[in-house]
Structures are given as C-alpha cells and as structure tokens.
Amino acid sequence: MNSTDEDIIYGCRKGERKAQQALYEKYKPMLFSICLRYASGWHEAEDWLQDGLVRIFTNLFQYQPTGPFGAWLRRVMVNSSLEQLRKRKRAFSTVEIGEVADMFEADDNLFAKYREEALVRMLQQLPEGYRAVFNLYVMEEYSHQEIGKMLGIAESASRSQLSRAKAMLRKMLEKSVGAEI
C-alpha cells in the first residue's frame, strides 16, 4: 500500500470530506466497472456504486493493511453488487450441467477480441444468475464451489449457469459481428 492510500484511509476514518473525495476519484473507475458488469444498465450501476461506496466508508475501519487496498475495495463492491441482486428476490434459474454440457463450444479466446464496452453491454443482457456467475468466475476468478456458497446455489448450478452464459454471449457475439467468428 502506498502512502497516498494510507493518507486516504486515515482521512476517511476520521470523516474528512477531502479524503473521501480522493478515494472516490481514485477508485471510482474500477468500482463502477464492477457495478456495471453486474447491473442490468448504466443507471442501475450508478445506484449500486453509491450503495457500495456507503458500505466502503461505513466498513473502512475493518480494512487491515495486510493486502492491497484496491483488492479490499473490489471485494466490498462485488459483495455489495451481489447483495443488490439478492434484494430483488428473484430466484436464479438453474439447470443441471448434463443438460447443457457440450451444447455449445465456448471459445474463451473469443471474448478477448472485443472491446470492454461492447462486452459489458452484452453481459447486461444476460439473465441475472448467468451474469452473476459469469462475473464471479471469469472476472473475479472465484471457483464454482465459492460461487455456489456466495449465491446459495449448488456447485453444479454454477457450472451450468457459466456454460449457458458463455453460450448466450457467443450467440450475441456471432449475431453482432456476423459469421466471421
């Protein structure tokens, strides 16, 4: 952790507005991009960012400088975004992995070819469950076991939803760029 982060944390813990503004300006792009990946649109992501920032400022005293400050912020924002999804009280649709296994061949390199903005727009079109699992597995690098615990679903459901998410994204990508894929 650099001295700037130390100063920001110290100031935020004391309730200094300048320190809070500094944290916001420094980390807003990263935190907003997390919200944008989980939310269904730009405005919803903005709301989630505000809720996540409140959670960050409220729980900042819990941060221990044993790891990177940015990683702690990221974890808080991911958890806050997942909480927003849970508040909707929509059940994640689950399908057994055997039903979708090998239905579509998902090429992981395919996703790397497109700009982040286009991919985020496509992610926002996924059903909530698929979007949450895709983000947690691909972007946040959680295991299916960890995802299952976080979302309260079976590990096989996590695998199934990831497979379906990749298949849906592949179809969207193929549709948007034509038969060149």
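Miscellaneous remarks
- Count of Lys pairs (Cα-Cα under 22 Å; at least 8 positions apart or interchain) in region 3-87: 4
- Scoring 14-20, 135-141, 67-73, 78-84 by mean Cβ neighbours within 10 Å over their residues and listing the highest first yields 78-84, 135-141, 67-73, 14-20.
All of the numbers you see were taken from the coordinates with simple rules; none came from a lab. All of these numbers come straight from a predicted model, not from anything done at the bench. No Cβ is skipped: glycine too gets one built from the backbone with ideal geometry, and neighbour counts run over all protein chains shown.
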